[in-house]
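Participant: Below is the structure I would like to discuss, written out as structure tokens.
Just so it is clear, none of the values below were taken in a lab; they were calculated from the coordinates. The model shown is predicted, which means the values in this text are computed figures rather than measured ones. Virtual Cβ from ideal backbone geometry, glycine too; neighbours counted across all protein chains shown.
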Amino acid sequence: MIDLGLDGKRVLVSGAGYIPERAGHGRRSALRLAEAGATVACIDVDEGRAKGIVAEIESAGGTAFPVIADMTVREQADRAVEEAARGLGGGIDVAVDIIGQATWASGLDTTDEEWDFNILVNLTQAFYLFRGVGRRMVQQGTGGALVGLASVDAIAPAGFHAPYGAAKAGLVSLAKTLADELGPHGIRVNLVAPGNVGSGNEDQPEGEYDVNGINPLAAPRSFDIANAVLFLSSGLAARITGQTLVVDGGATTRSLWGFTTEDVTDRRLRAGVFEQDA
């Protein structure tokens, strides 16, 4: 059995509650971390959602408790970190930030309000969390892991998602900088960048690949994202920091030119690479 190093660890998941019309990265991540033996402080702005994921974890035999806070408000974010630390027995070993949301508009049609909203929800709130937990981890002197949720929009064109992509790109930069600053304290900072999970792809058949022209492999599912969060939170990633782990089924690796096997074979034949029958 592989030891993930999470048994008995004190973990905070920000955005742990489940919103039915969304992918559920927070819920899945909290469940996986609890399954690995961690005690999980489940932060959500909605009390019902926070208590709902706690009930799920407890019904599966895990240990968790709710923390209610709007993490986009600095004072509430700071209070949530302190409340989580108290509930976890005085410290935090792993903090996971899942919160994020995008608006849809062309870059030229994006309003000031939409821009500010995207930066706040996708970048500023993560800064609040990482700053608060990072300070505590430095004081603890026992190292730790910070894990955030970026997006492939941070590393590829984000059509009609300009402020979202900019915010997530900022998060990638923030993680690299914090990794550099906190590394001497044994604190790792990494991100997971999901592809087109959408509202959840769990019903996709196994063994079917390259079915949608986007993902050469297959579209990622919410539990694929949770597994990546679990890995970066675990002892298996003990020497990994400042990285963004892309989980997109290969979407961002797809060739720009769209050549097929038939195209390449035809070009090679016309170039005289292969001998041709008379």
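Participant: Show which lysines lie in cross-link reach of residue 51 when reach means a straight Cα distance below 25 angstrom and same-chain residues fewer than eight apart are skipped.
Facilitator: 9
Participant: Relative to the longest principal axis of the C-alpha atoms of the chain, give the angle of the C-alpha long axis of helix 261-270, reported between 0 and 90° and rounded to the nearest 10°.
Facilitator: Between the helix axis and the principal axis of the chain, the angle is about 40 degrees.
Participant: Working out 0.36 nm times the residue gap between residue 177 and residue 210, then minus their Cα-Cα distance, what length gain in nm do you get to one decimal?
Facilitator: My answer for the length gained is 8.3 nm.
Participant: Only counting other Cβ atoms within 10 Å, I'd like 164, 209 sorted with the fewest neighbours first.
Facilitator: With the fewest neighbours first, 164, 209 line up as 209, 164.
Participant: Further question: Helix 47-59 versus the longest principal axis of the chain: what angle, 0 to 90°, nearest 10, using Cα atoms?
Facilitator: The answer is roughly 80 degrees.
Participant: Of 77, 102, 38, which has the largest mean-square fluctuation in a 10 Å C-alpha GNM of the chain?
Facilitator: For the chain, modelled as a Gaussian network with Cα springs under 10 Å, the answer is 102.
Participant: OK, next. Viscosity 0.692 mPa s, temperature 37 °C: what is the translational diffusion coefficient of the stretch 189-236 from Stokes-Einstein with a Kirkwood Rh over Cα pairs, rounded to a whole number of µm²/s?
Facilitator: In µm²/s, the coefficient rounds to 277.
Participant: If you don't mind, another one. Rounded if a/c is under 1.5, else prolate if a/b beats b/c, else oblate: with a ≥ b ≥ c from the C-alpha gyration tensor eigenvalues square-rooted, which is the chain?
Facilitator: Here the chain falls in the prolate category.
Participant: I've got another one for you. Give the residues of the stretch 112-137 whose amide nitrogen is closer than 18 Å to a point set 7 Å from the Cα of residue 75 in the direction of its Cβ.
Facilitator: 125, 128-129, 132
Participant: Among 66, 205, 220, which one shows the highest mean-square fluctuation when the chain is modelled as a Gaussian network with alpha-carbon springs under 10 Å?
Facilitator: 205
Participant: Run the reach check for residue 168 against aspartates and glutamates, Cα to Cα strictly under 16 Å, same-chain hits fewer than 8 apart removed. What comes back?
Facilitator: Candidates past the 8-residue exclusion: 97, 114, 116, 153, 248.
Participant: Over the chain, with a Gaussian network built from C-alpha contacts below 10 Å, which listed residue (106, 151, 233) shows the highest mean-square fluctuation?
Facilitator: Answer for the Gaussian network model of the chain: 106.
Participant: With angles folded into 0 to 90 degrees, how steeply does helix 162-182 sit against the dominant principal axis of the chain? Use alpha carbons for both and round to 10.
Facilitator: In the chain, helix 162-182 runs at an angle near 60 degrees to the longest axis.
Participant: Continuing with the same structure: How high is the relative contact order of the chain, in percent, with contacts defined as C-alpha pairs under 8 Å that are six or more residues apart?
Facilitator: 18 percent
Participant: Same structure again: Got a sec? How would 113, 56 order by Cβ neighbour count within 10 Å, fewest to most?
Facilitator: Fewest-to-most Cβ neighbours within 10 Å comes out as 113, 56.
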